[in-house]
Amino acid sequence: MGLLSGSLSRRHFCLCCMTGAAFAATGGWLSPRQAFAEARGLVTLIKDSAASSPVTSYKLRGNVSVLEGSGGNIAVLTGPDGKVLIDGGISVSRPQLTKTLSSLGAEPITHLINTHWHFDHTSGNEWLHSVGAEIIAHSNTRKHLSEIQRVEDWDYNFLPLPAGAIPTEVLSANRKLTLNGASIELKPYQPAHTDSDLSVSFTEPDILHTGDTYWNGVYPFIDYSTGGSIDGMIAASDANLAASADSTIIIPGHGKPVSNKSELTAFRDMLVDIRDKVAALKKAGRTLPETVAATPTADHDAKWGQFVIDPAFFTKLVYEGV
Ligand SMILES: [Zn+2]
């Protein structure tokens, strides 16, 4: 699932209003039922808010930039072969994205790699393909984008994308590309956030895009409808840590777009701690509402619970997988 990131986007996203209203209405903690009801409107809300959000770019290293403000964080490699995008954002922000991409150079967009199938990473596929991008993704991304896909935890049915938006180059094993003189490594994860997750590494500038296996500073969504799980997220975090050095620039799917190994370590440790606490409660026979009421995320909420996946919803996502 994807959401905008950072304090700037959050304002445009207007979750402040929604969460505030929910808290005002309930006088505090949301029950799981209320949390899920809140989640249901989010897909629409995310699309609407992306339409008016600015897209901001940050220069990293080796002609790689990251763009924030259109769904998941988008990496861009520029050069004579054309622009290579990692994720395509949300289609309604095409004008802002076009403007920001133009500011990085005049070359056309020639390649788009989807880190997974979720709409906030693939909704831009159709227009990006129409201006010349070849779309590369995990074979399960092509599968999910070609069918009606229900995400139970969002109570939402995603329709198949039009033909031009479907990836034409798919992989289910590691693949290396050389574009703009840069080595790009694509590596499928074991099912983690979904069953279609890919990491993308730019070897020389030492930059790793993790897709939604890593949300920087905020609780992540986990999509059990298409193979995700809390244990898969922890395993993917371990794989991300093993692939990173202290000098690696890490681009998360969501949250502050420029991250590093120490922040990723904190994310992994948070997942493990909450998983252990929720598993112990479930093993002791607690129902989901009882587990939420026991606040197993309490030690982490001040830091991680300030975005769209709130403590009750995240507890539910962990409970589902232990
Ligand atoms: Zn996602």
Legend entry - Positions within segment 176-202 being more than 16 Å from the ligand (Cβ to nearest atom) and hydroxyl-bearing (Ser, Thr, Tyr), in sequence order: Thr178, Ser183, Ser201
Legend entry - Sole exception among (1) open to solvent by less than 30 Å² (accessible area, probe 1.4 Å); (2) on the phi > 0 side of the Ramachandran plot for Gly124, by number: (2)
Inset, instruction - Identify, by number, the condition in (1) over 18 Å from Asp87 (Cα atoms); (2) under 17 Å from the mean Cα position of the chain (by Cα); (3) part of a loop (DSSP other than H, G, I, E, B) that Glu204 doesn't meet. - result: (2)
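How about segment 220-264: which of its residues are of a type in the set (Asp, Glu) and either more than 12 Å from the ligand (Cβ to nearest atom) or within 23 Å of Val76 (Cβ to Cβ) (or both)?
Just the residues of segment 220-264 that are of a type in the set (Asp, Glu), to begin with: 223, 231, 238, 246, 263.
Selection gives Asp231, Asp238, Asp246, Glu263.
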Inset, instruction - Write out, first by first residue and then by second, each pair whose Cβ atoms fall under 8 Å of each other, whose residues are 6+ apart or on separate chains, and whose first residue, in segment 69-92, is closer than 11 Å to Pro108 by Cα while the second is within 16 Å of the ligand (Cβ to nearest atom) and hydroxyl-bearing (Ser, Thr, Tyr). - result: none
Legend entry - In segment 196-231, the residues that are within 28 Å of Asp299 (Cα to Cα) and of a type in the set (A, V, I, L, M): Val218, Ile222, Ile230
Inset, instruction - For segment 50-65, indicate whether the set of residues that are within 16 Å of the ligand (Cβ to nearest atom), at pLDDT below 95 and not basic (Lys, Arg) is non-empty. - result: yes
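Looking at Lys99, Lys143 in this structure, which one is more than 13 Å from the chain's Cα centre (by Cα), within 16 Å of the ligand (Cβ to nearest atom) and open to solvent by 10 Å² or more (accessible area, probe 1.4 Å)?
Step by step, each of Lys99, Lys143 is checked, and only Lys143 is more than 13 Å from the chain's Cα centre (by Cα), within 16 Å of the ligand (Cβ to nearest atom) and open to solvent by 10 Å² or more (accessible area, probe 1.4 Å).
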Inset, instruction - Looking at (1) buried (at least 21 other Cβ atoms within 10 Å of the Cβ); (2) under 24 Å from Gly79 (Cβ atoms), find the lone condition where Arg175 falls short. - result: (1)
Inset, instruction - Quick one: which residue in Asp223, Asp231, Asp273, Asp212 is of a type in the set (Asp, Glu) and over 15 Å from Thr194 (Cα atoms)? - result: Asp273
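Count, please, the residues in segment 45-62 that happen to be among the aliphatic types (A, V, I, L, M) and closer than 18 Å to Ile251 by Cβ.
So the first thing to find is which residues in segment 45-62 are among the aliphatic types (A, V, I, L, M), and the list is 45-46, 50-51, 55, 60.
Filter once more, so that each one left must be closer than 18 Å to Ile251 by Cβ: 55, 60.
Summing the residues that are among the aliphatic types (A, V, I, L, M) and closer than 18 Å to Ile251 by Cβ in segment 45-62 gives 2.
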Inset, instruction - Please work out which residue is farthest from the chain's Cα centre (by Cα), limiting yourself to segment 282-322 and to residues that are among the hydrophobic types (A, V, I, L, M, F, W, C) and surrounded by fewer than 21 Cβ atoms within 10 Å (Cβ to Cβ). - result: Ala284
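The values are calculated or read from the model by the stated rules, or taken from the named source; none is laboratory data. Please read these numbers as outputs of a predicted model, since none were measured by experiment. Ideal geometry is used to build each Cβ from the backbone, glycine not excepted, and the neighbour counts take in all protein chains shown. Only protein heavy atoms, including side chains, enter the accessible area calculation; ligands, DNA and RNA are left aside. Shrake-Rupley method; radii C 1.70, N 1.55, O 1.52, S 1.80 Å.
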